[in-house]
Amino acid sequence: MELLDAFLPYLLPIVYAVAMISVFMGLCSYSVLAERKVCSWIQGRVGPNRTRVPLLGHIPILGNLLTGLGIFQPAADGLKFLFKEEIVPGHVNKFYYMLAPVLALAPALTTMVVLPFGRYVDADGITQPLVLANVDLGMLIILGISSLGVYGIVLAGWASNSKYPFLGGIRASAQMISYELAMGLALLPVFMWAATPGSDYGMSLFGAVQSQQTLWLFIWQPLSALIFLVALFAETNRLPFDMAESETDLVGGFHTEYGCFKFGLFFVAEYAHVIMGSALFVLLFLGGWNFLPGLADPWGESLIGTLLSIAWFTTKVFFMIFFFIWMRWTLPRFRYDQVMSLGWKILLPLAVGNLVFNTIIIALYDTFTR
Amino acid sequence: MAKTKVLERKPLTPMEKTFLPQIVSGLKTTFGTMMQKDVTLQYPEERPNIPDNYRGVPTLVKDPNGREKCVSCQLCEFVCPPKAIRMTPGGIDAEADPERAHVEKAPKEFDINMLRCIYCGLCQEVCPEEAIFLQDVFSLSGYSREEMINNKEKLYELGGTLPDQHSKWDKKKAAEQSGNAH
């Protein structure tokens, strides 16, 4: 018993981390399903509706319903990736070729460490975030690490030793660099407002959520929200910014030479980025687990309140994931030069202007109210 | 030279230049289609409606009294462009059908090679007895080349019975009974 007590501080974080990774990976696989289903609905099709597992799939009405919704499809997809023949083309740099999918997925999974997904009220009556690591620099960690994901893509493009992946990798890196700036600059006003001097939160995401109890930042900082959203689409390599893949001109882009589970890892990484991006947008601009603008936190202090806050947060995240998918099947892909000019000529000046404007407002506010 | 007319385009308003209204209207459109009914046909379970004049697999039909209509005149065999039809003419069994025996012939063997058939429908068009029809069967598969040759039995099974507009045997009988045989 004493031994357990001694190890508990070390054991518990591992348990939490494993639990969070499982949930996150589950979400990834189901957002793949969501992508396929929403795509098919938008195109007037049915989507995956045949995969049926024994027993569960044969419960009279429920089984048919679940099968029709494709609930068992992710299992089939995953198994397919696992059991396919591992093909490594002869012309690739084997070490980096194998490393690339891992490098693509790892950053996407790492960032969730600082992602708060709910709140609880501790024994002292102070609201605390539910998060693996509650650090002050949460936002910086996410910005820093999630951008590392591009290395996986660039490495894949380079190690494949083939022209289409190479072009895809180049495009991905150029796009990432272009939109990173606008993204960071769009976030600065948010934290300038959220982390007023003397507040305890600093750059933590929890602070950003707590500052939105009365008014969501989406309403208050619409320009920041818009720039951040566009940059988010670019950073996650989603349509209309999927320059790195762009099937029509680059075959499959950076993953042209990849198959089976290595491709699966890229695929999961893309959706992990989407989920992270959705969660981030919800935390920063859609009020996190706050109920509605003006009606912050009706959940109560009990365990049920905690669960409700998590549920409300995930609902918003699901909506954002849906929005990502919905956008993908609405807009056509931008041309490469359009992406560049949008990033450098429009979003970056806008973000700088937004920052300067907000700085002046804050300066005036501070001068006249103190 | 054909005259081309250059259409005047209105310059974009500042709001339109941001593309945001267009994106919103696009989102509305896709959301609208999402709410609509799916157009997918769940194929093996649901089958499409085949129109009457569809040119599917050629089949042999019988008349409403169960008689073979084909008299093995071999016109279809001769007209068939890819030479998919092979037929051996034969007589009619006198015991089974004394009325028609020694009057008409019937095919002894009738093979249509579906690997050769081009579904042109010339056999149906040329048939004087309206015995061969391209009906609504459109999905045909087999594991070997031999399986893809439809023999007589298979052709009648696929064809079934179609309503006969002429019913020549009934008319012949009626004429005989009224004493006006020819």
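Can you work out ³J(HN,Hα) from phi for every residue in region B:99-106, in order, using Karplus 6.51 cos²θ - 1.76 cosθ + 1.60 and θ = phi - 60°, giving whole Hz and x for Gly and Pro?
5, 9, 4, 6, 9, 10, 9, 9
Based on DSSP, what percent of beta bridges with both residues in the protein assembly as shown are antiparallel, to the nearest 5?
Details: 16 of 17 bridges.
Among the beta bridges of the protein assembly as shown, antiparallel pairing accounts for roughly 95 percent.
Quantify how much of the Cα-Cα distance distribution of region B:6-69 extends past 20 Å, in percent. Mind dumping the intermediate values first?
On the way: 1387 of 2016 pairs.
Within region B:6-69, distances greater than 20 Å cover 69 percent of Cα pairs.
On the principal axes of its Cα set, how long, how wide and how thick is region A:1-83? Give whole Å, largest value first.
Principal extents (largest minus smallest coordinate, Cα): 60, 28, 26 Å.
If amide hydrogens are placed 1.01 Å from N in the peptide plane, which non-local residues have theirs closer than 5 Å to the one on residue B:161?
Amide H neighbours of residue B:161: B:62.
For A:204, A:162, A:178, what ranking results if the residue with the fewest other Cβ atoms within 10 Å of its Cβ goes first?
Details: A:204 26, A:162 16, A:178 20.
So the ranking, lowest neighbour count to highest, is A:162, A:178, A:204.
Please name whichever of A:362, A:342, A:324 sits farthest to the positive end of the charge dipole of region A:295-370, dipole taken about the Cα centre and charges placed at Cβ: Lys and Arg +1, Asp and Glu -1.
Comparing the listed Cα positions along the dipole, A:342 ranks first.
Between region A:256-293 and region A:1-65, how far is it from one alpha carbon centroid to the other, in angstrom?
15 Å
Mind telling me which of B:105, B:37, B:83 comes out most flexible in a GNM of chain B, alpha-carbon contacts under 10 Å?
B:37
At a Förster radius of 60 Å, what calculated FRET efficiency corresponds to the Cβ-Cβ distance of residue A:368 and residue A:69, to the nearest 0.05?
Details: r = 56 Å, r/R0 = 0.94.
Plugging the Cβ-Cβ distance into 1/(1 + (r/R0)^6) gives 0.60.
Given N residues in the protein assembly as shown, what is Rg(Cα) / (2.2 N^0.38 Å)? Write down the numbers at each step before the final one.
Numbers: Rg = 35.0 Å, N = 552, 2.2 N^0.38 = 24.2 Å.
With N residues counted in the protein assembly as shown, Rg over 2.2 N^0.38 Å equals 1.45.
Using the structure shown, list the pairs from B:152/B:172; B:83/B:171; A:316/A:345; A:84/B:37; A:316/B:28; B:105/B:173 with a Cα-Cα distance above 30 Å, or answer none. Numbers along the way, then the final one.
Working: B:152/B:172 27 Å; B:83/B:171 35 Å; A:316/A:345 32 Å; A:84/B:37 36 Å; A:316/B:28 20 Å; B:105/B:173 19 Å.
Pairs exceeding 30 Å: B:83/B:171; A:316/A:345; A:84/B:37.
Neighbour counts of other C-beta atoms within 10 Å: give me A:7, A:319, A:313 arranged from fewest to most.
On the way: A:7 10, A:319 14, A:313 24.
Placing the least packed residue first, the sequence is A:7, A:319, A:313.
Summing -39500 (n - 2.57) over the DSSP H runs of n ≥ 4 in the protein assembly as shown and dividing by its residue number, what mean residue ellipticity at 222 nm do you reach, to the nearest 500 deg cm²/dmol?
Values: 20 runs with 289 residues, N = 552.
The helix contribution divided over the protein assembly as shown gives -17000 deg cm²/dmol.
For a label point 7 angstrom out from the Cα of residue B:54 toward its Cβ, which stretches of region B:140-170 have the backbone nitrogen within less than 13 Å?
B:140
Mean-square fluctuation check for chain A, GNM, Cα pairs under 10 Å: which of A:105, A:350, A:205 is largest?
Per the Cα network of chain A with a 10 Å cutoff, A:350 tops the list.
Please order B:170, A:337 by the number of other Cβ within 10 Å, starting at the fewest.
Working: B:170 13, A:337 8.
Fewest-to-most Cβ neighbours within 10 Å comes out as A:337, B:170.
Taking the Cα centre of region A:1-83 as the origin and placing charges on Cβ (Lys, Arg +1; Asp, Glu -1), which of A:29, A:49, A:81 is farthest toward the positive end of the dipole?
Farthest towards the positive pole: A:49.
Could you tell me the relative contact order of region A:246-370? Use alpha-carbon pairs under 8 Å, at least six residues apart, and round to a whole percent. Please list the in-between numbers first.
On the way: 45 pairs, mean separation 23.9, N = 125.
Computed value for region A:246-370: 19 percent relative contact order.
For region A:202-347, compute Rg over Rh where Rg is the Cα radius of gyration and Rh is the Kirkwood radius from the inverse mean 1/r over Cα pairs. Working shown, then result.
On the way: Rg = 17.7 Å, Rh = 16.9 Å.
Reported Rg/Rh, Kirkwood definition of Rh: 1.05.
On a C-alpha basis, how far is the centre of region B:1-57 from the centre of region B:122-136 in Å? Whole number, if you could?
Centre-to-centre distance over Cα atoms comes out at 40 Å.
Bear in mind that the values in this text are calculations on the coordinates, not laboratory data. Please read all numbers here as calculations on a predicted model, not as lab measurements. All Cβ positions, even for glycine, are placed from backbone atoms using ideal geometry, and neighbour counts span all protein chains on display.
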